[in-house]
Every structure is written in C-alpha cells, then in structure tokens.
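The structure under discussion appears below in the form of structure tokens.
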Amino acid sequence: MTEKTKLHYEVIVVGAGVAGIYQIKRLVDLGIEATVLDSANGLGGTWYWNRYPGCRFDSESYTYGYSFSRELLEEWHWKERFSSQPENLRYLNFVADKFDLRRHMQFNCKVDAARFDETRNLWCVSVSGGRELTCRFLVLAIGLLSAPTMPRIEGIDSFKGLSFHTYYWPHEPVDIAGKKVAVIGTGATAIQLIAEIADKVAELTVFQRRPNWSAPLNNSPISEEEMADIRARYDEIFEACTHTPGAFLHGPDHRGFYEVTREERLELWDKLYDEPGFGIWLANFREIFMDEAANSELSKYIADRIRQRVSDPKVAEKLIPRDHGFGVQRLPLETNYYEAYNRDNVHLVNLQETPIERITEKGLKTTEREYDCDIIVYATGFDAITGAYDRIDIRGIGGERLFEKWKDGPKTFLGMLVRGFPNLLMPTGPQSASASTNFPRGIENGVNWCMGVMQYMWDRGYTRAEAMHEAEERWTAHVVKMYEIMLMRKAKSWFTGYNSNVPGHEEGKIRYFVYNGGTPKFVAIINDIAAKGYEGIAFSSNAPPEQGAMSLRTRNCVES
Ligand code: NAP
C-alpha cells in the first residue's frame, strides 16, 4: 500500500517545514502510523518557498539546526555564521534523507478542510484532488509566516512584465541583470533583497511606506577549525539557548539601563552594533523593550548610525522610522542595506508623501509620477500567525469554524490546543513562544510537548483531548498581560496582528498573537502542566472499542 492509497492515520501532520520534519521524526521513532501532507513539491516550508536573493538566517546557523541527534550535529558543517536559503534547504533535505523521513511525506497535497467527527473522535481531512483522510490527531505544523499577502492596489494584474511576491520568487533563475526592478515594502525580506540585488540590476526603485529599524548582521564564513570547535561546544550552545528569553545565544545585559552612565551605554552599543547577529537587540538593556525614554535614547543612537552610513542626508532621514522605536518590531538584520542607497542606480520613493495610485501595464503610478520597470517584487509580508490556519476550513465541535472563533484574535491553551477543537495540536501555534524566539528551539519544545500529550493518551487509551474553557481563558489573559508591559503593543507589526492588506487586520485592533514571557518561562509553564497530568486538558475515551487509540495506531489502514 502506498502513502497515497492509505485512508487513515493515527497522526496527520500538516506542513513539511522545520516543525513538520521534527514532528514526523518523533512519530516514526515510536512506530506511529503517521504522514506529513504539504502543498509544496518538496520539503522545507519557509526555506522551500522563500528563494529571493539575500534570503538567509538571522539566527546563528549552529543555534538554528536541530539539536535532537548527536550524529546529525557531527555530520553537518554550517558554512556561514548566518547561512543562506539554498544551504538551509539542503540541510533540511539532508536531515530528511538521513532519517529516511521522505517516505512519510506526501507533497502537492494541500489540505483544504478538516472536520472533527465527534462520534468517532477523529479528524476528517480533505486534501486537494478530492482525497478524504481520517486521523486521531491532527498536528498543524503550518508555520507562522506562510500565508503571503499581496497589497490591495488597483491594476495589479495589468502589469505586462514579471511580478511576484518574494515568497513565490521563481524556482528557476530570474535574470535581473540590466533590468529595472521595483520593490514594494521595506520589511526584513525587502531589506535582505534590496542589499543583495542593488549592484546587480540596472535600476532599483524601492517603494517604502514606513521604514524599519535595521542593524548589521555581520556575517562571516565558518572554517573547518571553527566548525570543529562549535561541534565540541554544541551541548554548551544549546544549553545557553535554554536560558535566554529569545532562545538565541544573545541574552540581555543584566545591568539596569539607569544604573550605568551614558558613556557606558554608548560603549555597549558601539560593541554590539559591530557584533554578529541579534546582540544589539537582545543583548541590550531590558528597559529598551518597556521604557519609552530608554528606547528613545537607543533609537537616537541607531538613527545616528544610519545617518553615518547614508551619504544623502535627505535619504537618510527617510530611512529613519518615526512611528516606532528601535526593536519594538522584530528587528531585520542587514548586510550593506544602507550603503545600497548610496548607489546612483538605487532610488527611494516615500509612499507616505506620494502613495501608489495603481499598477499599470508598464510599472507603477504614484500620485507624483509613473515608474516604468521590468520586474515588480512584492515584499509585502504575510497574514502572520493565524493566516495559514484561516486558509484551511477547520471545523470543531458542533461545526464551529476556527476562523470564526479567532476572528477578533486567537484564543488558545498554551498556543498548542484550542477549546472546541479536540485532538488538534499546534506545536508552534498562535500564542505559543515560538514566534518570539529562535524558531527551531521553540519548535523542538512544542513538538516534544505535543508528543507528550499524545503519549499520555496512548498509554491510557484516551481518544480525545480538549482544552478546558477555564484553561484557555487563563492562558489567553496571561498572553494579553505580557503585551501590556511591552512597547511593542503600540507598533503596527505582525506581532500585533497588523496587516493593511488583510480585511479586519488593518490598524487599530491588537491581536495577541505571541507569548512574550520568554523561552525559560514558557518551558517552565508547559513542563509544569505536563507534570500535573496535563492540567487544563480534558481527556476522555468515548470512541467505540474497535476504534480505540491503540487499535487505530497499529491497524493496517484501509485501501481505497
Ligand atoms: P513585513 O515585515 O510585514 O514587511 C512588509 C513590508 O511591506 C512593510 O514594509 C510594509 O509596509 C510593506 N507593505 C505591505 N503592504 C503594503 C502596501 N499595500 N503598500 C506599500 N507597502 C506595503 O514582512 P517581511 O519583510 O516579509 O518580514 C516578515 C517577517 O519574516 C520578519 O519580521 C521576520 O520575522 C521574518 N523574516 C526573517 C528573515 C530572516 O532573516 N531570517 C528574513 C525575512 C523575513 P508597512 O510597514 O507600512 O505596513
């Protein structure tokens, strides 16, 4: 029987990205009948799709890789401190092949809908092409930034040149040499892309609505000797990541912002700005995230750094954010981004002064003038966190739609379960700690915890797990409370659910998308709940005996 003829699995995992790969590894190790479904033609999730030039990690590569296998750690050589997309995709394929996981994955399988069958305690999953599958547990490993959004601009289909969202950057090489390229957006994606292509295209026009703060990535190659040293220190490296709020190697400076002199603050910032990675953001004083005055002082420092790097003072001023302080949105890291604007072939258009009126056959028209181009790149971001969930018609008890339940923002228990949607597990769901952390570290925590829930049920013959009302309310209130102390609650970013291109997500309504308490606290909470027999989850086993969990798990599945 092939994967494509099976109709029932104990576990269906949706998404073959970093989370789905680790999830299926854990399931296969236990001999569980499980499969991964992915709409793509290959594995890798975010690293499969995002192929735009310049796409790379902002986590140190050796803190991003999986930690679960010593052998894997010994075998893989990261070539750069912040590895690029092609290598990251190679890594994930290497992992899948090493552990023979590919045979448990089905590609070009888009999950359109999932309905919970209350009498059988099973999920009925509708896959593109008309296939209907069932499973006991539905694990959604569908990513946080996997639902790209296009701007709502008139005439978008009329452009006769090449155009695409960065997420859908073509898999075949795009000839940009000698071309006039327009980039819409100046988020983390655009910042990587712009810096990478500025010297390769004839003309690059950047259409910026709001500038973002950004700081140097300070990338470098990793030699054989350095890699040997990293391998010897892997335990220490991963251990360090468990102690920092972001699960990165960068932990906050423990001195109080106001306990040190301005000279000492400047000394720290000068050092961090030139160091690799997120140091300037996450190894800074804690107050920068919560205290307006502290944040403002740092923002002024970074603004001066931008002024030093951009030759034209007018352009420099356009690149400095005024509506939010440094680091209250997720910080994009860059390599020569600001220097790109010193090139004669790179132009910056301020959309706050001259908004885009429409896309034309030949390019873009702002309120000021027309811009002809060969390629338009939409670096316009994602319907973040809940977007991928909203794109599947998920119906729980009584036919309740998850989309409706989360219409005004998600409600979850620990970001991993939802009341009214039994046996639905989200290792990196909305309101979990994953988005605000070094993602794979959050993934391993989330997958391990979800495995614990399933194991608990298999051991006891339970067939249904559902978050309790009280537990969900309490967790959501806790998530909301963590936002109250953070300056980021005021920022128009995907952390607060803002996206001008998604109806209902425009400015004005905060969505409490992520847990901001940090990794150590999150892990302590979820471990404590597990130790108390998964307090907050109602378990039951009301399925007919022949469909009990153990029998389903081991039973050979029906052929179509
Ligand atoms: P983003 O941060 O949401 O940025 C989207 C950009 O598009 C913003 O500049 C936005 O302007 C602009 N935009 C959206 N709609 C527009 C419209 N209708 N007209 C004009 N401009 C419009 O998205 P992203 O850059 O893809 O980054 C999202 C996240 O992905 C990052 O925060 C990060 O977590 C992750 N990421 C990580 C890496 C990495 O280094 N590992 C790289 C790339 C991305 P406004 O701000 O005015 O809305």
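The values are calculated or read from the model by the stated rules, or taken from the named source; none is laboratory data. Keep in mind that this is a model prediction, so the values were computed, not measured. Please note: Cβ atoms are built from the backbone with ideal geometry, for glycine as well, and neighbour counts cover all protein chains shown. Ligands, DNA and RNA are stripped out before the accessible areas are found, and what is left, the full protein with its side chains, is counted by its heavy atoms. Shrake-Rupley method; radii C 1.70, N 1.55, O 1.52, S 1.80 Å.
Annotations
- Complete set of residues in segment 54-69 that are part of a helix (DSSP H, G or I) and either free of Cβ contacts under 8 Å to residues at least 24 places away in the same chain or open to solvent by less than 10 Å² (accessible area, probe 1.4 Å) (or both): SER61, THR63
- For segment 185-205, filtering for residues that are among the β-branched types (Val, Ile, Thr) and over 22 Å from ALA384 (Cβ atoms) leaves 3.
- Number of residues in segment 371-406 that are open to solvent by 10 Å² or more (accessible area, probe 1.4 Å), touching a Pro at 6+ places or on another chain (Cβ under 6 Å) and among the β-branched types (Val, Ile, Thr) equals 1.
- If you go through segment 410-456 and keep only what is more than 21 Å from the chain's Cα centre (by Cα), among the hydrophobic types (A, V, I, L, M, F, W, C) and buried (at least 23 other Cβ atoms within 10 Å of the Cβ), you end up with PHE421, MET454.
- Whenever a residue of segment 288-302 is farther than 16 Å from GLU264 by Cα, it has no partner that is in a helix (DSSP H, G or I) and small (Gly, Ala, Ser) lying with C-beta atoms less than 9 angstrom away and at least six residues away or across chains.
- When the residues of segment 62-87 are filtered to those that are touching a Ser or Thr at 6+ places or on another chain (Cβ under 8 Å) and within 11 Å of the ligand (Cβ to nearest atom), the one that is farthest from GLY246 (Cα to Cα) is SER83.
- Of all the numbered requirements in (1) among the acidic types (Asp, Glu); (2) farther than 21 Å from ASN336 by Cα; (3) within 14 Å of the ligand (Cβ to nearest atom), GLU196 misses one, and that requirement is (2).
- Summed over segment 155-173, residues that are in a loop (DSSP other than H, G, I, E, B), away from the ligand (no atom under 13 Å from the Cβ) and closer than 21 Å to ASN50 by Cβ total 4.
- The lone exception for SER299 - which of (1) away from the ligand (no atom under 14 Å from the Cβ); (2) in a loop (DSSP other than H, G, I, E, B) it fails: (2)
- Checking ILE197, ILE230, ILE184, ILE191 one by one, the residue that is open to solvent by less than 70 Å² (accessible area, probe 1.4 Å), within 24 Å of PRO321 (Cβ to Cβ) and either in contact with a helix residue (DSSP H, G or I) (Cβ under 7 Å, 6 or more places away or on another chain) or free of Cβ contacts under 8 Å to residues at least 60 places away in the same chain (or both) is ILE191 and no other.
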